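Notes follow once the structure below has been shown.
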Amino acid sequence: MNAISFQKVSKIYRRSHLGKTTETVGLDGLELDIPEGEVFGLLGLNGSGKTTAIKLLMGLHLPTKGEVETLGRRAPDVEVLARIGYAPEAAYLNKTLTGRENLRLFAALSRIPRGNLEKRVEEMLDRVGLAHAADKRLSEYSKGMLQRASLAQALVHDPELVILDEPVTGLDPLAIKEVRTLILWLKSKGRTVLFSSHDISEVERVCDRIGILSGGRLVKLMSQNEWRGKSDVIETAFATAVKRTDGVGPIRME
Amino acid sequence: MQTISAVFTYTFKEHVRHKAWLSSALFGFILLGGALVISALGADERPRLMLDLGLAGIEAITLVSIVFLTVNLILQEIESRAIYLILTHPVRRSDYLLGRFLGTLAAAALGMAIMAALHLVLLGLYGWWEPGRYLAALLCTLGKAGVMGSLALLLSLALTSEAAAMAFSVFFWMLGHFSSEMRFLADRSGSAFIKTAIVAFSHAAPDFAHFNYRDFWHATAPGAQWLMWAGVYAVAYAGACLALSVQLFEQKEF
Amino acid sequence: MKYRALAVAAVLFAVSLAAGTAMRALYEPRFPPLAELQGGAFAFQDASLAAAGFRAPAADLAWIQLLQYAAGSLPEYVDAPGKGYEHLAKLSLRVARLDPSFNRAVLFGAGILAWFHGVDRPDEAAELLRDGMRMSPDQKLYPLYIAALAYKKKGDSDRMIALLESSFDQPETPSTMKAILANLRQSRGELKEALVLWIRILENERDASEHGRARAKIVELRAALRGRQGKKQVDGRKHQ
């Protein structure tokens, strides 16, 4: 069974200003199925449609055309969100709360029964290494600590599907290694993981399959046996498949 | 219910920990001190002046706070993107909006209760002690705050601009006190069309003039049955505004 | 399904309309329309406070300004030479138009215009009382004061004073009016009655603004009464 299914999905952003409407293509006819238990990496440049695809999965956007399914249900479906964990590219957390209060909030929102909630919160704080700072306000957290708090909220309800938007962007090498370990741990537990990234080497190490997005279209789909044991396969595929859509030319320093 | 309660709790904590809330409570104390000083000039009418000016100060602070807080309530969460994490959990948008609104109203009510307790002590020292009527006046102010807050929330979602929403909220606040005047105008009007339009407008705008219990209790104060209908009015009007807000919010993409 | 919230809003709005109608049927506040608020130096202050829903506090501030005027310290309203209290009626009415239940302002103004030493403008006082009565028809002291004014015009001071004194302990009676009554008694040589009135003023907490004067008057009247008694005794001995 597929954990995620994009069926000819298009997303067009319309913006009106002074009576003039401009349209931007976020996704263009995306067709992609991700089976349960797979670790899938979405690669692409800025503006290629990675975050749009994730927002469609999470119900933050509605498709202009086509259908999106998560865990067998058509998105957006509030009920199915209880089985999905999501961490955005930055820790968009309410900084007035403490680490513990923040996790308690998301545990309650994820419908963890009250009797089990405190135990689960403590366990998760311990797992992400924030137990010592649990009663500090998030405004006092470092960037790395915030990223951990964000991961903790995504995992506190033990989701079947985990979606991570650029989880290693801006992290130090040690933290990147920890995220890699986390993804592999989720895989070992049979969870489905979808994550987006610019970092080809990271994708190479943990993914079963990857998809390369460019200009809102899926331009390349590769599975592990295509790159395992070979060097620069993904990088070469990436360089040939993607086109810059942001209007910026290449850097020439010859 | 668990979801509403979780959103309510974090909203309440967020407000109470905010510097703006503390400053408004402090400003409220300054206004009460002002009422104490000014009432000394009122000769025989000192208790009346202390009562009126104190309650007016409490109401002014509560209304300004609730308008400021509710106008920013959702827009700021959208801007900080904290809303991403909330809505990617199994949270119905109506539950989120209701929890946010009730949490804000509770924070405003707490500020009001603290100021009222101090005010009542001061009044007691000057020989005025009618806690029943005082509570009725406070409940009317809270009803007004509820209606005003829900209206400001609706305006913030409809206009998506904090400044415009605040300006329109103040306009409706003023208009709400002209409900009797508008009906008076309608009675005087010769044209059936204008009469109908004014009556319709006077009913559509919140009827704040009838909530000024603290303004008209020096004559004959209305009884318990009136208070009950006033409560029904406030809950139903605020509920209608919230339902309209939900309608707008459910169509929003982030 | 898409418009469920809209349908809920419509139902709740209908409920609010019904509740509003029920609420207004049970009680309608009796405030004069905003158009009837007075113009003049404080028009903006009054209109803005009333429009923001603060009529009673607006009336309270107007009351303080009325007292300041009566004490001669309101720069916006200064009397022309020889025209004492020329703005008093207007400023008293201003308070009542903001909040008709502020009866004390009208009684205070009318009391000074009619009975304060050296003012004597009963017609103006009667006009002010009639305006007050129009806005607050249930207030019993307005017709009582109008009746007292009629006795004054007829020159029947005994019945006038008796009528005014019958309202002495009413909570609406201004302390200034009580002091005027005590002084009226004194001016008629009724020192014992005047002393009793000053004592009643001193015993009433609401009349705190007149307590200082009451203490001085009590000392003065007691001395005058002792003097009078002493004179009587001397005269009695002379007759014997």
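Comparing B:S156, B:S189, B:S24 in a Gaussian network model of chain B where C-alpha atoms under 10 Å apart are linked, the largest mean-square fluctuation is found at B:S189. Cross-link partners of C:K192 among lysines, defined as those whose alpha carbon lies under 25 angstrom from its own and excluding same-chain residues fewer than eight positions apart: C:K152, C:K178, C:K217, C:K231, C:K232, C:K238.
Relative intensity of region C:1-135 on a log10 scale, I(q)/I(0) at q = 0.15 Å⁻¹, equals -0.75, per a Debye sum over C-alpha point scatterers of equal strength in the absence of solvent. Coupling constants for region C:69-75 follow from the phi torsions by the Karplus curve (6.51 cos²θ - 1.76 cosθ + 1.60, θ = phi - 60°), and in residue order they are 5, 4, 8, x, 10, 10, x Hz; glycine and proline get x. When B:W128, B:W217 are arranged by Cβ crowding within 10 Å, least crowded first, meaning fewest neighbours, the order is B:W128, B:W217. The order of B:I30, A:I176, going from fewest to most other C-beta atoms within 10 Å of their C-beta, is B:I30, A:I176. Considering only beta bridges that DSSP places wholly inside chain A, some 60 percent are antiparallel.
Counting beta carbons within 10 Å around each of C:Y145, A:Y92, A:Y141, B:Y10 and listing the fewest first gives the order A:Y92, A:Y141, B:Y10, C:Y145.
All C-alpha pair distances within region A:93-154, sorted into 10 Å bins from zero, spread as 26, 60, 14, 0 percent across the bins. For the pair region A:174-229 / region B:26-52, the C-alpha centres are spaced 68 Å from each other.
With bins 5 Å wide beginning at 0, the percent of Cα pairs of region C:1-64 falling in each bin runs 4, 13, 17, 13, 10, 11, 10, 9, 6, 4, 2, 0. When both bridge partners sit in the protein assembly as shown, DSSP labels roughly 60% of those beta bridges antiparallel. Under 16 Å of direct C-alpha separation, and excluding same-chain neighbours fewer than eight residues apart, C:K83 reaches these aspartates and glutamates: C:D120, C:D123, C:E124. Here the protein assembly as shown is treated with +1 on each Lys and Arg Cβ and -1 on each Asp and Glu Cβ, and its dipole about the Cα centre works out to around 1280 debye. Pairwise Cα distances in region A:128-254 exceed 19 Å for 59 percent of all pairs.
Of interest is the spacing of the C-alpha centroids, which for region B:71-105 and region C:77-152 amounts to 57 Å. With the simple spin-label model, which puts each label point 7 Å out from Cα in the Cβ direction, the A:R114 to A:R74 separation comes to 3.6 nm. Rounded to the nearest 20, the Cβ-based charge dipole of chain C about its Cα centre (Lys and Arg +1, Asp and Glu -1) stands at 700 debye.
Between C:F44 and C:D158, the FRET efficiency estimated from the beta carbon spacing at R0 = 41 angstrom works out to 0.30. The H on the amide N of A:V162, modeled in the peptide plane, is under 5 Å from the matching H of A:G85, A:T192, A:V193, A:L194, each at least 5 residues off or on a different chain. Just the Kirkwood number for the protein assembly as shown, please: inverse of mean 1/r across all distinct Cα pairs, in Å, one decimal. Hydrodynamic radius (Kirkwood, Cα pairs) of the protein assembly as shown is 31.3 Å.
The P(r) of region A:1-122 has a tail past 23 Å containing 45 percent of all C-alpha pairs.
Relative to the Cα centre, the charge distribution of region C:48-173, modelled as +1 at Lys and Arg Cβ and -1 at Asp and Glu Cβ, gives a dipole magnitude of about 240 debye.
Taking amide H as placed 1.01 Å from N in the peptide plane, the amide H of C:S101 sits under 5 Å from none that are at least 5 places away or on another chain.
The coefficient of translational diffusion for chain A, derived via Stokes-Einstein from the alpha carbon Kirkwood radius under 37 °C and 0.692 mPa s, stands at 171 µm²/s. Measuring against 22 Å, Cα to Cα, the residue pairs A:K189/A:K220; A:K11/A:K177; A:K143/A:K189; A:K50/A:K220; A:K8/A:K230 contain A:K189/A:K220; A:K11/A:K177; A:K143/A:K189; A:K8/A:K230 as the ones spanning a longer distance. Here the gap between B:R188 and B:V16, fully extended at 0.36 nm per residue and compared with their Cα-Cα distance, gives a gain of 57.1 nm. Here chain B is described by how far its Cα atoms reach on the three principal axes: 61, 53, 33 Å, from widest to narrowest. The Cα atoms of region C:174-240 define a convex hull whose projected area, averaged across directions, is 4.5 nm². Pairwise Cα separations in chain C fall into 10 Å bins from 0 onward with the following percentages, short to long: 7, 25, 28, 18, 10, 6, 4, 2, 1, 0, 0, 0. Across chain C, Cα pairs under 8 Å and at least six residues apart give a relative contact order of 11 percent. Here the 3J(HN,Hα) profile of region B:120-130, calculated from phi with Karplus coefficients 6.51, -1.76 and 1.60 at θ = phi - 60°, is 5, 4, 4, 5, x, 5, 9, x, 9, 9, 9 Hz, Gly and Pro shown as x.
The residue list C:V78, C:W198, B:H177 was ranked by how far each Cα lies along the charge dipole of the protein assembly as shown toward its positive end, using unit charges on Cβ atoms, and C:W198 comes out on top. Taking amide H as placed 1.01 Å from N in the peptide plane, A:V219 has its amide H under 5 Å from the amide H of A:I212, A:L213, A:S214, each at least 5 places away in sequence or on another chain. Estimated purely from DSSP H runs of n ≥ 4, each contributing -39500 (n - 2.57), the mean residue ellipticity at 222 nm for the protein assembly as shown is -20000 deg cm²/dmol once divided by its residues.
Taken together, the values in this text are just the output of simple stated rules run on the coordinates, not laboratory data. Values in this document were obtained by computation on a predicted structure and should not be read as measured data. Neighbour counts run over all protein chains shown; Cβ positions are idealised from the backbone, glycine included.
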